[in-house]
1. Which of the residues that make up the range 181-226 are surrounded by fewer than 20 Cβ atoms within 10 Å (Cβ to Cβ), of a type in the set (S, T, N, Q) and more than 8 Å from the ligand (Cβ to nearest atom)?
2. Checking the conditions here, which among T52, T87, T15, T76 is of a type in the set (S, T, N, Q), surrounded by 15 or more Cβ atoms within 10 Å (Cβ to Cβ) and outside any helix (DSSP H, G or I)?
3. Inside the range 115-153, can you point out the residues that are crowded, with 17+ Cβ neighbours inside 10 Å and not in a strand (DSSP E or B)?
4. Here's a check for you: in the range 141-180, which residue that is over 15 Å from the mean Cα position of the chain (by Cα) and among the β-branched types (V, I, T) is nearest to the ligand (Cβ to nearest atom)?
5. Within the range 306-333, track down each residue that is within 17 Å of G28 (Cα to Cα) and in a helix (DSSP H, G or I).
6. Would you be able to tell me the number of residues in the range 227-242 that are near the ligand (Cβ under 6 Å from one of its atoms) and either aliphatic (A, V, I, L, M) or farther than 21 Å from L283 by Cβ (or both)?
7. Among G345, G312, G351, G362, which is the only one that is surrounded by 13 or more Cβ atoms within 10 Å (Cβ to Cβ) and either without any contact (Cβ under 8 Å) to a residue 40 or more places away in the chain or within 24 Å of C261 (Cα to Cα) (or both)?
8. One residue is enough: does the range 101-116 have a residue meeting the conditions more than 22 Å from E191 (Cβ to Cβ), at pLDDT 95 or above, more than 16 Å from the ligand (Cβ to nearest atom) and touching a strand residue (DSSP E or B) at 6+ places or on another chain (Cβ under 9 Å)?
Amino acid sequence: MIIKNYINGSFLEPTLGNYIDNYNPSIGEIYGQIPNSTQEDVAQAYQAAKATFPSWSNTTLEERSAILSKIAQLITKKLEVLAEAETKDNGKPLSLAKTIDIPRASANFQFFANAITQFSSEAHETVGVNAMNFTLRHPIGVVGCISPWNLPLYLFTWKIAPAIAAGNCVVAKPSEVTPMTAYLLGEICNEAGLPKGVLNIVHGLGNTTGQAIVEHPNIKAISFTGGTKTGAHIARTAAPMFKKLSLELGGKNPNIIFADCDYELMLETTVKSSFANQGQICLCGSRIFIEKTIYEQFKKDFIQKVSQLKVGNPFDADTNIGALVSKSHLEKVKSYIDITEEEGGTILFGGKKVTVEGSEEGYYLEPTIIEVQNNSCKLNQEEIFGPVVTIMPFETEEEAIALANDVSYGLSATLWTNNLNRTMKMTKQIHAGIIWVNTWLLRDLRTPFGGVKASGVGREGGFEALRFFTEPKNVCIKY
Ligand code: NAD
C-alpha cells in the first residue's frame with residue numbers, strides 16, 4: 001500500500017516523488033511505502049493551512065464543535081479498520097488497539113468538541129481608576145503537530161483536536177514508523193466535512209519533514225511528543241524564532257510500593273504498568289521500588305504473574321505482549337538487557353528474543369524483570385522504552401522519595417499505599433507532572449498532562465491545551 005500526503009483535502013504524491021518503506025513489525029516485512037516529504041511539501045501544506053485560516057478561525061463554536069463530534073463518531077464507526085491498521089503498523093495487540101488506542105482517539109475529538117464551547121477568558125476591573133481589562137484569546141494561525149509511534153492515532157489526535165477546536169489550521173506529521181492511521185484520519189476528516197486546508201498531514205522522516213515544519217518561519221507554534229533528545233533539538237531550532245513550544249518527552253517513572261497497599265490490586269496493575277503496549281508507553285513505571293518487608297514476597301508473586309503473559313502475534317486474541325515497533329528498537333532494548341551484569345544487575349525473568357511460530361521474522365522480546373543494586377545504574381537512569389523493568393527494595397519514605405527523584409526525568413510516578421499522611425507528603429515531594437495513587441493510567445481528559453525536568457515543557461489536556469493553542473491579548477479600556 002502506498003500512502004500519500006493529505007494537503008488541502010486532497011491526497012498528493014510528494015513533490016520529489018521519494019518514498020520510504022513501511023514495515024509490519026509482527027512479521028518483519030515491508031508492506032507499504034510512505035512519502036519522504038521535503039520542504040516543498042511542507043510549504044504546500046502551509047499554504048493550504050494559511051489560506052483556510054481566515055475562514056476557519058471565524059466559524060462559530062457550534063459549527064466547529066459539530067465537525068469535531070462528527071470526526072469522533074466516524075472514528076468510532078471505523079474502529080475495526082483503524083484498530084487493525086494500528087496493530088499492523090505498530091505491533092501492539094489488536095485487543096489493546098480496539099479498547100484503548102482507537103476509542104481514545106475518538107474521545108479526544110469529542111472531548112475538545114465539548115471543551116471549546118466552555119472555554120472562556122477573563123476580565124479584570126482596575127478598581128478606582130475607571131478602567132476595564134478583558135482578555136481576548138485568538139487562535140495562533142498555522143501550528144505544527146508532531147507525534148511519536150507508540151500510541152499513533154491516540155497521540156496524533158490529542159494535539160490536532162485542541163488545535164483545530166481553538167480555530168487554528170494545522171500542518172501535522174505522524175511518526176514515519178506508524179503513519180497508517182494518520183493517513184486514514186484524512187479520509188475521515190473529508191467525510192466529516194472538515195473544510196479543506198484545516199488539517200494537512202505530511203509524511204516523512206524526522207530530520208527532513210519534521211525539521212522543515214519546525215524551521216518553517218510562519219508556523220508559529222509546535223506541539224511535539226517524542227524523545228528527549230529530539231525535543232532538545234527542536235527547542236534549539238525553534239527558540240531563536242520565538243515559537244510557542246509544547247514538549248512532551250521521555251520518562252523513567254518510579255512505581256513505589258508500600259507494604260500497606262491493597263496487594264492484589266497493586267500486583268495486577270503493576271503487571272500492566274510494566275508491560276502494557278510492550279512497555280512502550282512514556283508513562284510505564286519502569287523503576288519499581290518495593291518496601292523491604294514485602295520485597296521477597298513481591299518478587300516471587302510478580303515473577304509468577306509475568307510468567308503467565310503470552311508473547312505472540314498481535315492479531316491473536318490471547319496475546320498479551322505483541323511485537324516491538326521496529327528491528328532497530330528491538331536491538332536498542334536488547335542492548336540494555338545485555339549490560340545487566342556489568343551494571344551490577346541480575347535478570348530474574350525473561351531477557352531473550354522470542355520466535356513466534358508463523359511470524360518468525362517479527363520483533364518479539366520476553367517481558368523482562370531485572371533486580372538492580374542501586375538507582376545510579378544505566379538501567380535505572382536511561383529510558384529503555386520496552387518490556388523491561390527493574391526492581392529494588394527501600395526501607396523508609398525518605399529513601400523512596402530520594403530514589404524517585406534521583407533521575408533526570410520527571411513525567412509520572414505511581415504510589416501504592418493506604419496511608420493518607422504518607423500520600424500527601426510524598427505526592428508533594430516527588431518531582432513529576434502526574435502522580436497516580438493506587439491506580440495507573442486512569443485518565444480524566446480535563447487534567448493537565450505533561451512532565452518536568454527532561455520530560456518536557458508545558459502541559460496538554462483540557463483547557464491547558466486550548467490555552468497553548470491560543471494567544472492571549474489584553475485590552476484595557478479607560479472610561
Ligand atoms: P522521536 O523523538 O524519535 O520521534 C518523534 C517524532 O518526531 C516523529 O514523528 C519523528 O519523525 C519526529 N522527529 C524526529 N526528529 C525530528 C526533528 N529534527 N524535527 C522535527 N521532528 C522530528 O520519538 P519516538 O521514538 O517516535 O517516540 C518515543 C519517545 O517518545 C520516547 O522517548 C517516549 O517517552 C516519548 N513519548 C513521550 C510521551 C509524553 O507524553 N511525554 C508520550 C509518548 C511517547
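The values are calculated or read from the model by the stated rules, or taken from the named source; none is laboratory data. Note that the structure is predicted; figures quoted are calculated from it, not measured. All Cβ positions, glycine included, derive from the backbone under ideal geometry; neighbour counts span all protein chains shown.
1. Listed by number, the residues that qualify are N190, T208, N218.
2. Selected residue: T15, the only one of T52, T87, T15, T76 that is of a type in the set (S, T, N, Q), surrounded by 15 or more Cβ atoms within 10 Å (Cβ to Cβ) and outside any helix (DSSP H, G or I).
3. A115, I116, F119, I140, G141, S147, P148, W149, N150, L151, P152, L153 - these are the residues of the range 115-153 that are crowded, with 17+ Cβ neighbours inside 10 Å and not in a strand (DSSP E or B).
4. Within the range 141-180, the match that is nearest to the ligand (Cβ to nearest atom) is V171.
5. Of everything in the range 306-333, those that are within 17 Å of G28 (Cα to Cα) and in a helix (DSSP H, G or I) turn out to be K327, S328, H329, L330, E331, K332, V333.
6. Selection size over the range 227-242: 2.
7. Exactly one residue qualifies, and that residue is G351.
8. No, the range 101-116 contains no residue that is more than 22 Å from E191 (Cβ to Cβ), at pLDDT 95 or above, more than 16 Å from the ligand (Cβ to nearest atom) and touching a strand residue (DSSP E or B) at 6+ places or on another chain (Cβ under 9 Å).
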